[in-house]
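Following: one structure in structure tokens, then a few remarks.
Taken together, the values in this text are just the output of simple stated rules run on the coordinates, not laboratory data. Since this is a predicted model, take the numbers as computed values, not measurements. Cβ: placed from backbone, ideal geometry, glycine included. Neighbour counts: every protein chain shown.
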Amino acid sequence: RVVFEEEGDLATVRVSEAVEDTRLRGMSIDGVTIGATPGWSYPIYSKQVLIAHLPMWLEPRVRSALQIGLGSASTLEALARHPELERIECVEISAAGVRGSHYFAEARVLEDPRVRVRVEDAIHLLLRTTERYDLIVADGKQNEDFSGTSKMMSRELYQLALDRLTEHGLFVQWVPIANGVHEFRTIVRTQASVFPHLDVFYDPPLSAIFVGAKQPLAGRPRMPADEARRRMGPDLARLGFRDPLWIRFEWLADRDALARAAGEGPLNTWDDSVIEFASYRADRRAQGELGYAAASNLAWLLEAAADARARAPRDLVAPTA
């Protein structure tokens with residue numbers, strides 16, 4: 001049943017709940033599910049939690065964070081579990097999305113005095129701000145059917161994010177591997193053209209989590225194991241992690257391997273947005289078979305993983321193919 005719906009200037013936001021269990025809720029924007037509670041949509045809830053906890057485990061010196069996109073507030077709630085974070089900002093382009101987030105229990109995090117939510121375009125914020133962040137998490141809506149979302153996977157956006165990071169800062173972005181084959185490689189090629197260091201983690205079945213940085217992940221301090229289990233354990237247990245430190249097994253490849261695998265080709269820019277509406281230019285097979293693109297992209301990532309395995313940071317164990 002629908003518990004909230006608002007047609008705003010930018011999008012139509014809807015929050016629905018399961019009739020048989022009202023604790024299960026999901027948020028959709030223009031019909032695309034972008035936020036969910038545990039049990040509503042595993043892939044959506046899983047990536048919401050991982051894009052918060054993964055960088056906090058990778059870099060425990062993080063004190064300030066900027067999240068792009070609010071959704072169900074699950075990512076903000078996961079970030080707020082880390083007491084060393086002193087400033088947690090969120091930029092959400094849709095005011096209706098902010099109002100809809102209050103229909104999720106996770107939105108209690110908005111009462112945390114460290115949290116500030118701005119209704120604004122993330123690109124405008126990054127262009128204007130002089131702030132530096134230890135962590136930028138990009139979780140904007142991604143769907144090939146809608147205009148504008150490709151700007152969040154552009155060379156310009158990545159350069160803005162890199163410029164706003166501290167020296168040890170991390171940029172984290174979720175990219176679904178069900179993107180078209182050429183589009184997925186264009187996104188990766190574009191990221192690799194900007195970030196001096198780029199790593200990818202794979203969250204089955206359909207999520208790739210990219211981590212861009214000025215400095216390599218290897219050699220950084222990590223969160224102590226006991227702290228990681230205490231803070232991250234309850235959230236990651238819902239995802240099937242018996243030990244939250246298993247998060248390291250999701251590492252696949254580094255920038256060198258990704259750049260070699262992507263090869264020469266176009267970059268996605270504001271002036272030449274080659275991934276905008278790309279699905280409508282694709283051949284019939286790519287248009288009609290979601291599994292075809294996902295399987296092809298996963299096979300491609302595993303080839304990059306084989307190339308990168310010898311260079312894997314000691315505490316990030318690359319899985320075998």
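Counting only DSSP beta bridges with both residues in the stretch 1-139, the antiparallel share comes to about 50 percent. For the chain, the alpha carbon positions stretch 50, 48, 43 Å along the principal axes, listed from largest to smallest. Hydropathy first: keep DSSP H helices in the chain averaging at least 0.0 on Kyte-Doolittle, then drop any whose Cα extent along the axis falls short of 24 Å, and list what survives. Span-like helices, by this rule, are 290-308. Judged by the mean number of other Cβ atoms found within 10 Å, the most tightly packed of the peptides 291-300, 4-13, 26-35 leads the ranking 26-35, 291-300, 4-13.
Within the chain, DSSP assigns beta bridges of which about 60% are antiparallel (rounded to the nearest 5). Taking a sphere under 12 Å around the Cβ of Pro234 and counting the other residues whose Cβ falls inside, with K and R at +1 and D and E at -1, yields a net charge of +3.
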